[in-house]
């Protein structure tokens, strides 16, 4: 088991680029496999979750060349060129891989078993199995199809009108992807603003995917999908940890290059700005329908706020690092409507509360979130990531503002989404020992 020991930090300064966006990297590989021709993807995130997607695509017969550490050429076979795999599609720890693949396997008309490790096998899959069954696919799994592994027999799907019962971009994506294989219209109605990387990327490929307010539709394309030529922007969810470190560490000023600033992913930026953070965006551009820009974070005093409603959906992956920021804010920070945290890689509400208390935080768990009183002078301690990459990084940032030394146990999981995290922090001025 690996660990990192972090000392209270001097100012963090410099300009760096974090790894490619995890959500877009997954989709670039999956959708490139559906194109008629070769897609070139640069800036691919070589994290554990995205590598699982890569290997699953190879098992359905897609040839993928690894030109360099972060550049791929995906030899797409169109919508109907996938082979039936003779081995299970091992999604390892990636819920995105399993849920999006479920929609594609259902549409492609093949039989496949989607499996994963113990962590993934506890995550809810009934939410994706239900709409796929309504479309005509056979989906079996543990506990009546609610838990992995999933066995899916696809083919002959019909379009449906489906109102999402939970705010899940992964379930929305699975249904929209299955809709590409039907001969009528598939309609998904969102309960609130969700990540829209699937829609943006598919539209860039020429797919008939349309958005009208809370309604998103897909149907079978009349022409082959165009290959991608994509430079994956830097990941906002990874950037969140360094940006928050810059805000919390006195006299810091750091800039992150070419970060994806899709509005559906900028919930944490909006929350931190409400709290008083000085965050500046420059060099704005667009890549395959995705807005990008440089983000500069300056050390700033923070005030506690209440976080609830649609912004929680847009910041759900950043809640562990928001909790760290709240420990340094003046007054109370209350997070509500975040019950989805209970079914992430771990129960993130329980785990965040338990570990931040070890550092001296005044934090209380709620059924759907947490309450934090600040500011608190944190003290170094030995804390545990629980095998959760986002909690591991949040605890490292907490160590930067804690007195003494903080040791974070079980940190190899950071490579799931942010390989090189500790090296970038050191480059910016942090003191970290492995």
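Bear in mind that the values in this text are calculations on the coordinates, not laboratory data. Nothing here was measured: the structure is a model prediction, and the numbers come from that model. For neighbour counting, all protein chains shown are included, and Cβ atoms are generated from backbone atoms with ideal geometry for every residue, glycine included.
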Seminar exercise, completed: Rounded to the nearest Å, the spacing of the alpha-carbon centers of segment 1-52 and segment 234-309 is 17 Å
Problem set entry | Estimated inter-spin distance, residue 296 and residue 251, nm [label 7 Å along Cα→Cβ] | 1.9 nm
For this session: Give me the orientation-averaged projected area of the Cα convex hull of segment 126-173, in nm², one decimal.
Result: 3.4 nm²
Seminar exercise, completed: Checked segment 22-219 against the a/c 1.5 cut and the a/b vs b/c comparison, axes a ≥ b ≥ c from its Cα gyration tensor; verdict rounded
Problem set entry | Spherically averaged projected area of segment 283-433 from its Cα convex hull (nm²) | 9.7 nm²
Problem set entry | Cβ-derived FRET efficiency at R0 45 Å, residue 354 paired with residue 134, nearest 0.05 | 0.70
For this session: Looking at the chain, send over the antiparallel percent of its DSSP beta bridges, to the nearest 5.
Result: 75 percent
Exercise. According to a simple spin-label model (label point 7 Å from Cα along Cα-to-Cβ), what is the distance in nm between residue 211 and residue 15?
Worked result: 3.0 nm
For this session: Would you mind calculating the gained length between residue 310 and residue 426 on full extension (0.36 nm times residue separation, minus the Cα-Cα distance), in nm to one decimal?
Result: 38.3 nm
Seminar exercise, completed: Length gained, residue 184-residue 143, 0.36 nm per residue minus C-alpha separation, equals 11.6 nm
Exercise. Where does helix 169-179 land angle-wise versus the long Cα axis of the chain, in degrees 0 to 90, nearest 10?
Worked result: 10 degrees
For this session: For the chain, find the longest principal axis of its Cα atoms and tell me its angle to the long axis of helix 348-358, 0 to 90°, nearest 10.
Result: 20 degrees
For this session: Specify the angular offset, from 0 to 90 degrees and rounded to the nearest 10, of the alpha carbon long axis of helix 236-248 from the longest principal axis of the alpha carbons in the chain.
Result: 10 degrees
Exercise. Which value at 222 nm does the chain reach when only helices count, each DSSP H run of 4 or more adding -39,500 (n - 2.57), with the total divided by all residues and rounded to the nearest 500 deg cm²/dmol?
Worked result: -9000 deg cm²/dmol
Problem set entry | Using a Förster distance of 41 Å, the FRET efficiency for residue 409-residue 280 (Cβ separation, nearest 0.05) | 0.70
Exercise. From the list (1) 83, 56, 37; (2) 60, 42, 42; (3) 99, 47, 36, can you say which value of Cα extents along the principal axes in Å was derived from the structure given?
Worked result: (2)
